[in-house]
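The values are calculated or read from the model by the stated rules, or taken from the named source; none is laboratory data. Model, not experiment: these values are computed from the prediction. Glycine also receives a Cβ, built like all others from the backbone with ideal geometry; neighbour counts cover every protein chain displayed.
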Amino acid sequence: MLFIKELKKVCFSFVYVLFIGLLLFSWYENFYGVTKQEISASQDNLSSVYSEFTGGSLLKKPEKNADSYGMKNKEVSEKIMSGGTDMLIIEFSKNSYSTYPYSYYKEIVLSDKEQQAILEIISEITGLDEKQIRNLPDNYFPDINGNIIHFGADIEQNENGSFSFEMGDHDNHAFIPQVSYKRFKELMAEAESIIGKGSNYSMENLLQYYGLSEVTYDEAIEEYNKTIYDDKVSNAFARLFCDYTGRAIGLYPVFAVVIFWLKDRRNRMHELIDSKQTGTAKLIVIRFFAMLTAVMLPVVLLSMESFIPLISYSADTGIAIDMFAFIKYIMWWLLPTAMIVTSLGMFLTILTSTPLAVLVQFIWWFVDTSVTGLSGDTTLFTLMIRHNTLNGSEIINRNFTLICLNRGLFVCLALVLMVLSIIVYDQKRGGRFNYAYFLQKHFGFFKNRFRSYIQK
């Protein structure tokens, strides 16, 4: 009964309504309609922006001898070496290096010593001296390389303000690397260490910029089979749903948790609670799971917007789907995140009787968002698992053990924080832990001295 009462208190609070609103907005902006769009694209022979295969839907079986099967990123050494060297020479010549250390642009200007180190890297790759490097012909690098247009090509501005490119023969270039691909990657790592994290020379960025290549029929059919048979369709959409929802779950619940606990203090409800016979452990555990239930319930309901069309798709096509995909991924992927956010917010609020947890969680969320890539960039302490694509299940499979360790760690930490919350709250109920008195005792001297100084 106490669980139901606490759940009602959470669900009928204004801050919970605000949490629902933020969650709905995030879901609507990022995931709403994705599943229906992909299904419609497979039936109407349309392209889908979410499939990476620009030639059509991921759910449509590729036809042999088609004009195109779309594009995808592939690690082609020639393109990466050419594009990476081209970019490094351009930035070296200007002494202006673009970096994104925390997902925000930062221009780096190197010292003379650092510039000399970059020059040595370029010289080793190209076999050229500084004078030759600074006076390269426009056709030294390909006009088109992966996703990048080399701006040494002829560019004309049209009357309407747009630009047109006379690309010519993009295979006619003079660049021949003087190092192996293995050595090139080592040199790019050296360049990134000099310039800083988030530069253009990480392998992730080099692949993203210069790895765009035509998809072959065999690759297209392999990806289709992985989606239909390995992922059983619904697992692909469940991953993308959890990717977007995880960013919301990594931050928004802390507001509801903090305000819920502070509300008791503001309304002097803690005095009533303290006088009751309800054990501290029972109270904390019930409240924790009531808040967790309130957080996860709308997530499950939102997943139905994707799951129901997939049931219809399965019935229409005869293709089997995994009926439990969304529940499995929500429990495995999102629940540990919700647990650690809820438990941390609860512990810090009980400990300090302040909204400190909001600031702490926001900093953690911001840093985690900044350093975590969109796909498969998981570490042991990654708060929000990312996989911002429908395909690429092999990335998750490759990192499965690490992800399980990550999720298990957060579950354990959440339980530890819940135990610590019980200990601190029990001490407060017994009058043995007075945080305000502690601050006054140890820091009140400085506060009083400062106040006296101001009044002079």
Matching residues, segment 8-32, being farther than 18 Å from Gly250 by Cβ, touching a residue at least 60 places away in the same chain (Cβ under 8 Å), not in a helix (DSSP H, G or I) and not hydroxyl-bearing (Ser, Thr, Tyr)
none
Pairs only if they're at least six apart or on different chains, beta carbon under 8 angstrom, first in segment 345-365 and on the phi < 0 side of the Ramachandran plot, second part of a helix (DSSP H, G or I) and among the basic types (Lys, Arg); list them, first residue then second.
Met346/Arg287; Ile350/Lys428
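Is segment 284-299 home to any residue that is touching a Lys or Arg at 6+ places or on another chain (Cβ under 6 Å), in the same structural domain as Ile385 (by TED's automatic domain parsing), assigned to a helix (DSSP H, G or I) and modelled with pLDDT of 90 or more?
We begin by selecting, within segment 284-299, every residue touching a Lys or Arg at 6+ places or on another chain (Cβ under 6 Å); these are none.
No.
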Please go through segment 190-221 and give me each residue that is free of Cβ contacts under 8 Å to residues at least 24 places away in the same chain and surrounded by fewer than 13 Cβ atoms within 10 Å (Cβ to Cβ), ordered by number.
Ser193, Asp218
State yes or no: is Ser93 modelled with pLDDT under 95 and either under 24 Å from Thr389 (Cα atoms) or assigned to a loop (DSSP other than H, G, I, E, B) (or both)?
no
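Conditions (1) part of a helix (DSSP H, G or I); (2) more than 25 Å from Val341 (Cβ to Cβ); (3) modelled with pLDDT under 55; (4) among the basic types (Lys, Arg), marked per residue:
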position: Asn397; (1), (2), (3), (4): yes, yes, no, no
position: Gly408; (1), (2), (3), (4): yes, no, no, no
position: Val411; (1), (2), (3), (4): yes, no, no, no
position: Ile422; (1), (2), (3), (4): yes, no, no, no
position: Tyr425; (1), (2), (3), (4): yes, no, no, no
position: Arg432; (1), (2), (3), (4): no, yes, no, yes
position: Leu439; (1), (2), (3), (4): yes, yes, yes, no
position: Phe445; (1), (2), (3), (4): yes, yes, yes, no
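Taking Thr369, is it at pLDDT 80 or above, surrounded by 12 or more Cβ atoms within 10 Å (Cβ to Cβ), assigned to a helix (DSSP H, G or I) and in contact with a Leu (Cβ under 9 Å, 6 or more places away or on another chain)? Give the steps one after another, and end with the answer.
Details: at pLDDT 80 or above: yes; surrounded by 12 or more Cβ atoms within 10 Å (Cβ to Cβ): yes; assigned to a helix (DSSP H, G or I): yes; in contact with a Leu (Cβ under 9 Å, 6 or more places away or on another chain): yes.
So Thr369 passes the test.
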Given the conditions (1) surrounded by fewer than 21 Cβ atoms within 10 Å (Cβ to Cβ); (2) modelled with pLDDT of 95 or more, which single one is not true for Ile319?
(2)
Do the conditions hold for Gly33, that is, is it surrounded by fewer than 13 Cβ atoms within 10 Å (Cβ to Cβ), closer than 25 Å to Asp243 by Cα, of a type outside the set (Ser, Thr, Tyr) and modelled with pLDDT of 90 or more?
yes
